[in-house]
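Below is one structure, written out as structure tokens, with a few remarks after it.
The values are calculated or read from the model by the stated rules, or taken from the named source; none is laboratory data. Quick caveat: nothing in here was measured; it's all calculated off a predicted structure. So basically every Cβ, Gly included, is an ideal-geometry build from the backbone, and we count neighbours across all protein chains shown.
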Amino acid sequence: MTVVDLFAGIGGLAEGFSRARIGGRHAYSVALLVDNDPEACYTFKRNRPNVRYWVADLRHAIASEVRKRSGQRWIDVVVGGPPCQGMSAAGRRLLDDPRNALLKDFVRIALGLRPKVILLENVPSMFGEKHGTLGAEVEEQLRQFGYKTAAKVLQASDFGVPQVRRRAFLLAVRSTLKVEPSLPLGNGPTVTVEEAIGDLPAVSPGNGEDPAAYPTPPKSEYQAARRQGSGLIFNHRGYNHSAEFVKKLSIIPEGGSNGALPKRRRFSEGYYSQAYGRLHREQPAYTITGSYHNPGSGRFIHYRDVRSITTREAARLQGFDDSFVFHGYMATQARHIGNAVPPILSQALAEHIAALL
């Protein structure tokens, strides 16, 4: 089945669909990724040169142009994670909120392509009672155009991703296919931080060879899986921290955070609970964001080394293989990784959808 990924970024969804297999055979062919980020395109094309990527503003795109750019007569599956911020509105439909314009564009283009399947990824509050019914409005529109729908908030750690990350997914299947849509139940093993990144060499702030050799054989099935197809470690350099900053980080115990320190030793008051948090080797990581290089923005301090996690460690915790190399400034790499759908999760979704069909 042919796949188009809209608002693709570096292709977390596309990576999962390209990995998906049914009966040992590839279930999908990724025909096209679309995003307005040329840096994301550059990174993806350096890794997947044979897959088409169109750098375009989807606000001004039409379905026929997307189909033409894909090189396919028919598109079977449309996936994407458009950003949207309008989760509440008084006296009007949420889809008409300007903050949700990109979501509306995703639905418009997806319906114009008339695929068998549409998969939408977004924030959990899209379907939350607290913030209204934006997800329900999207479902209603898809049903009006002949699709059956199912929606669910999935926890990435339930699917073998070494990270606590909740995301909402909406699956729509064309009614003529006579298929009842559903989303998968996560039954994967819980993967800990140490099982995910414990084989990567220790590096200090501002240091680390790129590329580097693997210092030991893999110590877990997860590490072995991520190493397949890669002979070297890329993107494993520590972010620069001052000596004074490192000294303060060293006080935080494994699994602890700024809030766990005595008041006189804290970075500051008023930080939220996970700020300046150190990972625990025997637990999954917390949500990896595009700010993982900043220890003050979350639980991003390495469990062993006194520093924030590296790009490669963040990629491992997101489920990217070591053979996928990130390009651009470190801040750009962080943004791309933090915004991505974990490929392991998207592979589970892709294989579930293929089995349904």
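Residue-wise test of (1) among the acidic types (Asp, Glu); (2) without any contact (Cβ under 8 Å) to a residue 40 or more places away in the chain; (3) in contact with an Asp or Glu (Cβ under 6 Å, 6 or more places away or on another chain).
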{"site": "Arg281", "(1), (2), (3)": "no, no, yes"}
{"site": "Ala285", "(1), (2), (3)": "no, no, no"}
{"site": "Tyr329", "(1), (2), (3)": "no, yes, no"}
{"site": "Gln333", "(1), (2), (3)": "no, no, no"}
{"site": "Val341", "(1), (2), (3)": "no, no, yes"}
{"site": "Ile353", "(1), (2), (3)": "no, no, no"}
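Read through the list (1) under 22 Å from the mean Cα position of the chain (by Cα); (2) at pLDDT 95 or above; (3) of a type in the set (D, E, K, R), then give the number of the only condition that Lys219 fails.
Among (1) under 22 Å from the mean Cα position of the chain (by Cα); (2) at pLDDT 95 or above; (3) of a type in the set (D, E, K, R), the lone unmet condition for Lys219 is (1).
Output the number of residues of the stretch 46-96 satisfying the condition of being touching a residue at least 24 places away in the same chain (Cβ under 8 Å), over 19 Å from Tyr147 (Cβ atoms) and assigned to a strand (DSSP E or B).
Adding up the residues that qualify gives 1.
Which one of these is polar (S, T, N, Q), surrounded by fewer than 15 Cβ atoms within 10 Å (Cβ to Cβ), closer than 29 Å to Val123 by Cβ and out of contact with any strand residue (DSSP E or B) (no Cβ under 9 Å at 6 or more places or on another chain): Ser291, Ser268, Ser297?
Ser268
Within the stretch 106-130, can you find the residues that are part of a helix (DSSP H, G or I), within 27 Å of Gln318 (Cα to Cα) and at pLDDT 95 or above?
Phe106, Val107, Ala110 - these are the residues of the stretch 106-130 that are part of a helix (DSSP H, G or I), within 27 Å of Gln318 (Cα to Cα) and at pLDDT 95 or above.
Do any residues in the stretch 217-232 that are over 16 Å from Gln318 (Cα atoms) have Cβ atoms under 6 Å from those of residues that are modelled with pLDDT of 95 or more and in a loop (DSSP other than H, G, I, E, B), where the two are at least six apart or on different chains, and which pairs are they?
Short answer, once both residue conditions are applied: Pro218/Asp199; Lys219/Gly198; Lys219/Asp199; Gly229/Ser323; Ser230/Asp322; Ser230/Ser323; Leu232/Pro211.
Going by the structure shown, is Thr310 touching a strand residue (DSSP E or B) at 6+ places or on another chain (Cβ under 7 Å) and either closer than 22 Å to Asp199 by Cα or not β-branched (Val, Ile, Thr) (or both)?
For Thr310, the condition - touching a strand residue (DSSP E or B) at 6+ places or on another chain (Cβ under 7 Å) and either closer than 22 Å to Asp199 by Cα or not β-branched (Val, Ile, Thr) (or both) - is not met.
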